[in-house]
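Encoded as structure tokens, the structure appears first; notes follow it.
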Amino acid sequence: MIKSILASLTGYGSDRTVLDTAMAVARIGAGHVEAFHIRLDTLEIGAIMGSVSTREDLQPLIDKTATQQDERSRQAKAAFDDACKRHAVSSEKSSDADKVSASWKECKGIIDETFDEARYHDLAVMAREPAFSLDRLTSVLMHSGRPLLI
């Protein structure tokens, strides 16, 4: 039975569908949905790019990326809060075995760690987001060892 569901959020419009799907699956067996968002670490990206560019060229790009990441993170969290409200789901793990629960997790990094996180869940739910390459989905499907619902 599927009890632990990873909902991979991107901060784009597809997050609502990902969360609705994850909540629907969780309702079948009173499971837990973990909403997971990767936030690019602009300091790490700046350090890597700094070796090939000057600080004057790099700072506007770092600032723009940081602003975009703040907005995507805010949108992903808002989608999570909205889904919990619409589905009347507690945003903490429930001790009641018959209730669906959900939690929020955000990580910083320079690579997508969704496939690592998916290993700890019974199912991962992701969207085919045009802003991301299909390699992201393939990576989770092939390396997590867990089923993926797209």
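If you filter region 55-85 down to residues that are over 26 Å from S14 (Cβ atoms) and open to solvent by 70 Å² or more (accessible area, probe 1.4 Å), you find that the one that is modelled with the highest pLDDT is D63. When you look at S95, is it polar (S, T, N, Q) and at pLDDT below 70, yes or no? So S95 passes the test. Restricting the first member to region 118-133 and to residues that are without any contact (Cβ under 8 Å) to a residue 24 or more places away in the chain, and the second to residues that are among the β-branched types (V, I, T) and assigned to a strand (DSSP E or B), no beta-carbon pair is closer than 8 Å while six or more apart or on different chains. Residues that are in a loop (DSSP other than H, G, I, E, B) and closer than 25 Å to R27 by Cβ within region 108-144 comprise R119, Y120, H121, D122, M126, A127, R128, E129, S144, listed in sequence order.
The values are calculated or read from the model by the stated rules, or taken from the named source; none is laboratory data. Quantities reported herein were computed from a predicted structural model and do not represent experimental measurements. Don't worry about glycine lacking a Cβ; one is built from the backbone with ideal geometry, like all the others, and counts go over all protein chains shown. Areas reflect the complete protein model, heavy atoms only, side chains present, ligands, DNA and RNA absent. Shrake-Rupley method; radii C 1.70, N 1.55, O 1.52, S 1.80 Å.
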